[in-house]
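Read through the structure below, which is laid out as structure tokens, and then see the notes.
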Amino acid sequence: MFKTFRNAWKDESLRKKILFTLLIIVIFRFGCTLPVPFLDASKLGDLMGTGSILTYLDTLSGGALSKGTVFALSIQPFINAQIIIQLLTYALPPLERLSKEGEEGRKTLQKITNVVSLVISLVMAYAYYVTMRNQGAVRYTSGFEGAFVAVVIIATFTAGSSLIVWLGNLINDKGIGNGISILLFAGIVARGPSALLSLVNNINSDTKYVILVPLIIIVFILMIGFIVLMNESERRIPVQFAKRVVGRKQYGGQNTHIPIKVAMSGVMPIIFAMSFMAIPATIGMFKAPYATPEGFWQNFYNGFLNVFSYNSVWYGIIYFVLIIAFNYFYVSMMYDPIQIANNLRQNNGGIPGIRPGKPTSDYIKRILSKITLIGAVFLGVIAVLPILFNRAFPTLNISMGGTSILIVVSVSLETMRTLESQLMMRHHSGFLE
């Protein structure tokens, strides 16, 4: 990895892209420290307690939510908008046609996603405002001053979310890697020093953590190795192309393979699942649980919110099932066994021992189903294991540790692969050499 980065730094064009990406990250981190007017950040700390869904949202924002800054919404509205549009692409024929129209269709879908993201930003900004007002973090809450302050806070949060998407697109166009993933990576890494400091404070506060904290660090290191192993693991389907003669030349006849990665969907199923799990907590921001419930609907509402609380066993179970479901959904969008089988037949290729056509597509579908299940269970274990640790030791507050590590490792590997491909493209010998 360090060798790849060193070689990329020597190339002038890549060095400019790297520096541009770092500049965008600096701007992003500056926005994470720029306070929103009329908010008392000192009273927001109680909202980010252990076991709260806001802990997850605060992690994605790089600590911006707990400080009440411009980028408090982070990329969450954009991710939710992507999920909605991708789901509707399968349900609505007009969106499905757009997805098959090539570059122009993708641009139109991107515009629709941006509009949906703006709407979600407004809803989430209002939910945050209501929650912060109930917490006493808003300085003016009544009369004309209260209405003006509400508009300023909601507009600032919404503008900050839109600005993050714009910064991510700038990285896509002029930088290195996926822009949204890079900003998400930067926010999580920025929380690393405070997380380590929290573990050290636990050691100083209680002697039982002298053994427990180093053990947890070792487990996290093993998790990093396991994530790297699973990210690089793949199932190779052998493919053989028949020989064919065109004019005086002979083509084909070579043996190759179709690589299918075990963790081909990356961290997206976890982000999708967490976004859905955050919906009940977002509802709870508007209306807190009843202190003394009376009647069926009040009991139902309290029970509904408790099921989706980090402290609930049901939360972990539903979370795990959603990760598996979204992993299958994401893989189904990336791989079409029928299309792969048709492409092989059109190019005089085939899988040894498998007849062309439907038997080939069925074979690929069976392989994909098995690999997808392994990858889904891997993602689920990585995401749920730290939550179990947090349930056993609440004061450690590491409920988002597994997801954070998975995001950091996945984005790092993806960025390194992008750098390697850029280096290969620039140093590939031409046909005249």
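The values are calculated or read from the model by the stated rules, or taken from the named source; none is laboratory data. As the structure is a prediction and not an experimental result, all values here were calculated from the model. All Cβ positions, even for glycine, are placed from backbone atoms using ideal geometry, and neighbour counts span all protein chains on display.
Structure data summary
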{"read-out": "Condition met for ASN327 (without any contact (Cβ under 8 Å) to a residue 40 or more places away in the chain and assigned to a helix (DSSP H, G or I))", "value": "no"}
{"read-out": "Test for ILE374: is it modelled with pLDDT of 80 or more and over 15 Å from the mean Cα position of the chain (by Cα)", "value": "yes"}
{"read-out": "Any hit, the range 63-78, residues being free of Cβ contacts under 8 Å to residues at least 12 places away in the same chain and among the charged types (D, E, K, R)", "value": "no"}
{"read-out": "Pairs, first touching a residue at least 40 places away in the same chain (Cβ under 8 Å) and closer than 12 Å to LEU39 by Cβ in the range 135-162, second assigned to a helix (DSSP H, G or I) and of a type in the set (S, T, N, Q), C-beta under 9 Å, six or more apart", "value": "ALA137/SER42; ALA137/THR131; PHE157/SER121"}
{"read-out": "Qualifying helices (runs of 4 or more DSSP H) (wholly inside the range 120-219; at least 3 residues being closer than 23 Å to SER410 by Cβ and at pLDDT below 85)", "value": "179-190, 192-205"}
{"read-out": "Conditions (1) surrounded by 12 or more Cβ atoms within 10 Å (Cβ to Cβ); (2) at pLDDT below 80; (3) among the basic types (Lys, Arg): number failed by LYS243", "value": "(1)"}
{"read-out": "Flag for LEU305 being at pLDDT 85 or above and under 11 Å from MET277 (Cα atoms)", "value": "no"}
{"read-out": "Subset of the range 69-93 that is under 17 Å from GLY179 (Cα atoms) and β-branched (Val, Ile, Thr) - its residue that is surrounded by the most Cβ atoms within 10 Å (Cβ to Cβ)", "value": "ILE75"}
{"read-out": "Out of THR141, THR131, sole residue that is touching a Lys or Arg at 6+ places or on another chain (Cβ under 8 Å), more than 16 Å from ILE84 (Cβ to Cβ) and of a type in the set (S, T, N, Q)", "value": "THR141"}
{"read-out": "Candidate set from the range 1-43 (those that are more than 15 Å from ILE176 (Cα to Cα), in contact (Cβ under 8 Å) with a residue 12 or more places away in the chain and of a type in the set (Phe, Trp, Tyr)); member that is surrounded by the most Cβ atoms within 10 Å (Cβ to Cβ)", "value": "PHE28"}
{"read-out": "Selection count, the range 330-362, where residues are free of Cβ contacts under 8 Å to residues at least 40 places away in the same chain and not basic (Lys, Arg)", "value": "17"}
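Here's the yes/no breakdown for (1) over 25 Å from the mean Cα position of the chain (by Cα); (2) surrounded by fewer than 15 Cβ atoms within 10 Å (Cβ to Cβ):
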{"residue": "THR113", "(1), (2)": "no, no"}
{"residue": "ILE120", "(1), (2)": "no, no"}
{"residue": "ALA125", "(1), (2)": "no, no"}
{"residue": "GLY179", "(1), (2)": "no, no"}
{"residue": "ALA190", "(1), (2)": "no, no"}
{"residue": "SER194", "(1), (2)": "no, yes"}
{"residue": "VAL200", "(1), (2)": "yes, yes"}
